[in-house]
Amino acid sequence: MGSLMCPSTKRVRHLRDYVIFLEFDNDEKGQLDMKPFLNFGVFRKLQDPELFVQVRVAFDTVEWPNGVDLDPAFVYEKCEKVT
């Protein structure tokens, strides 16, 4: 129907501080710095470093054990692509 599908997240791991490393199903890779978002809404729950490092793939995006997850389009658009 013409809607653009963003790539699904295949793998995610904590990189440093509040930065995660992502691999997508289109073979692109990127880093997402979550620090700018941690003072807003549900993202405040991710300020605990011990919780943040527990990031994992859930369906086509990423989530944390406390139920906070990210929109797949947000993840793909906001991450800094690396080669």
**Asked** Could you list, in sequence order, the residues of the stretch 9-30 that are free of Cβ contacts under 8 Å to residues at least 12 places away in the same chain and either of a type outside the set (D, E) or in contact with a helix residue (DSSP H, G or I) (Cβ under 9 Å, 6 or more places away or on another chain) (or both)?
**Response** R16, F21
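State the number of residues belonging to the stretch 17-27 that are assigned to a loop (DSSP other than H, G, I, E, B) and either surrounded by 15 or more Cβ atoms within 10 Å (Cβ to Cβ) or among the β-branched types (V, I, T) (or both). I'd like the intermediate steps shown before the answer.
Initially, the stretch 17-27 is screened for residues assigned to a loop (DSSP other than H, G, I, E, B), giving 17-18, 25-27.
Keeping just the survivors that are either surrounded by 15 or more Cβ atoms within 10 Å (Cβ to Cβ) or among the β-branched types (V, I, T) (or both) gives 18.
Within the stretch 17-27, residues that are assigned to a loop (DSSP other than H, G, I, E, B) and either surrounded by 15 or more Cβ atoms within 10 Å (Cβ to Cβ) or among the β-branched types (V, I, T) (or both) number 1.
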**Message:** Filter the stretch 30-50 down to the residues that are open to solvent by 80 Å² or more (accessible area, probe 1.4 Å), of a type outside the set (S, T, N, Q) and not in a helix (DSSP H, G or I) and list them by number.
**Reply:** F40
**Request:** Search the stretch 1-16 for residues being in a loop (DSSP other than H, G, I, E, B) and aliphatic (A, V, I, L, M), and hand back the single one that is most open to solvent (accessible area, probe 1.4 Å).
**Result:** M1
**Request:** Sort out which residues of the stretch 51-83 are farther than 14 Å from H14 by Cα, in a strand (DSSP E or B) and open to solvent by 30 Å² or more (accessible area, probe 1.4 Å), and write them in order of number.
**Result:** D69, E80, K81, V82
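Does A58 qualify as being among the small types (G, A, S) and touching a residue at least 60 places away in the same chain (Cβ under 8 Å)?
Answer is no for this residue.
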**Count of residues meeting criterion [without any contact (Cβ under 8 Å) to a residue 12 or more places away in the chain and in contact with a helix residue (DSSP H, G or I) (Cβ under 7 Å, 6 or more places away or on another chain)] in the stretch 61-83** = 0
**Item:** Per-region count, the stretch 31-50, residues within 14 Å of H14 (Cα to Cα) and without any contact (Cβ under 8 Å) to a residue 40 or more places away in the chain
**Value:** 7
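The values are calculated or read from the model by the stated rules, or taken from the named source; none is laboratory data. Predicted model only: the values in this text are computed from it and were never measured. In this analysis, Cβ positions are derived from the backbone assuming ideal geometry, glycine residues included, and neighbour counts consider all displayed protein chains. Side chains included, ligands, DNA and RNA excluded: accessible areas come from the protein's heavy atoms. Shrake-Rupley method; radii C 1.70, N 1.55, O 1.52, S 1.80 Å.
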